[in-house]
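Participant: Can you read through this structure? Questions will come right after.
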Amino acid sequence: MGVAALLLFASAALPPAPSSAQVTNCPWATLGSAATVLGGDPASIVQLSEKAKGEGSCTFSFADVVSKQTLKVVVGRAAAQNPCPAGSTPLTGVGNEAIMCTIRRGSEEVVEMIVSRVRQTPFTVSISIRRKGSKNATAGHYEDGLKMIAEQVAGNLF
């Protein structure tokens, strides 16, 4: 048996080394759904809690010539803070006590958000739209996609 064959055999018997660059899928929303909502192939970052099972966040970002859209799913204690103002729009079919709101961050950025929970697990789904240049960011364009992602999250938490 040659040295190359022996090394190949030995490496096959060893468990794979942990990799910090290992791609992790979002447990609550798919990359394909995020691409559909954002209108292009997004970059994704998944952060899962090591301490609290079932908690974490997924961020999907896509930029085009005029804007950057960021879809963010947060599940667990970090989602328990409700930034929506009183009187926000109630939603049905998206977990328990779901509401939707729009938050403006200056003229260049608007955030559309759904805040809800499934049983005792709170979650938020938000889309931030940041315009490049002098155009103002507008709300309402992503409402259907936001609801679709929130339904996926609620379904995956159920």
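Read-outs throughout are calculated quantities, based only on the coordinates presented, and are distinct from any laboratory measurement. The model shown is predicted, which means the values in this text are computed figures rather than measured ones. For neighbour counting, all protein chains shown are included, and Cβ atoms are generated from backbone atoms with ideal geometry for every residue, glycine included.
Participant: Within 10 Å of each residue's Cβ, count the other Cβ atoms and sort 144, 41 from fewest upward.
Facilitator: Ranked by crowding around the Cβ, least crowded first: 144, 41.
Participant: Please list, in chain and number order, the residues 5+ apart from residue 28 or on another chain whose amide H is under 5 Å from its amide H, with Hs placed from the backbone.
Facilitator: Hits under the 5 Å cutoff: none.
Participant: Same structure, new question: Would you mind checking which residues have amide H under 5 Å from residue 91's amide H? H placed 1.01 Å from N; only 5 or more apart, or other chain.
Facilitator: Answer set, sorted by chain and number: 98, 99, 100.
Participant: Could you give the length gained by full extension between residue 86 and residue 131, i.e. 0.36 nm per residue of separation minus their alpha carbon distance, to one decimal place?
Facilitator: So the extension gain works out to 13.5 nm.
Participant: Quick check: from the Cα gyration tensor, does the stretch 22-157 come out rounded (a/c under 1.5), prolate or oblate?
Facilitator: Cα axes put the stretch 22-157 in the oblate bin.
Participant: When a footprinting reagent is the concern and you count Cβ atoms within 10 Å, what order do 59, 30, 124 take, fewest first?
Facilitator: Ranked by crowding around the Cβ, least crowded first: 30, 59, 124.
Participant: Moving on to the next point. Give me the extension gain from residue 36 to residue 141: residue separation times 0.36 nm, minus the current Cα-Cα distance, reported in nm with one decimal.
Facilitator: 36.5 nm
Participant: Please order 72, 51 by the number of other Cβ within 10 Å, starting at the fewest.
Facilitator: 51, 72
Participant: Which one of 80, 35, 70 is farthest out on the positive end of the charge dipole of the stretch 22-157, using unit charges on Cβ (Lys, Arg +1; Asp, Glu -1) and the Cα centre as origin?
Facilitator: 80
Participant: Okay, moving on. Amide H to amide H, which residues 5 or more places from residue 55 or on other chains are under 5 Å from it, using H placed in the peptide plane?
Facilitator: So residue 55 has HN proximity to 49.
Participant: Also, I was wondering about something else. What does the charge count near residue 150 come to, summing +1 for each Lys or Arg and -1 for each Asp or Glu among other residues with Cβ under 13 Å from its Cβ?
Facilitator: -2
Participant: In straight Cα distance, which lysines are under 26 Å from residue 147, not counting same-chain residues fewer than 8 positions off?
Facilitator: 53, 68, 72, 132, 135
Participant: Also, I was wondering about something else. What nm value, rounded to one decimal, do you get for the distance between residue 103 and residue 53 when each label is placed 7 Å out toward the C-beta?
Facilitator: Rounded to a tenth, the inter-label distance reads 3.1 nm.
Participant: Could you go through the stretch 90-104 in sequence order and give the Karplus-derived ³J(HN,Hα) for each residue, using 6.51 cos²θ - 1.76 cosθ + 1.60 with θ = phi - 60°, rounded to whole Hz, and x for Gly and Pro?
Facilitator: In residue order, the calculated couplings are x, 10, 10, x, 10, x, 9, 6, 6, 9, 10, 8, 10, 10, 9 Hz.
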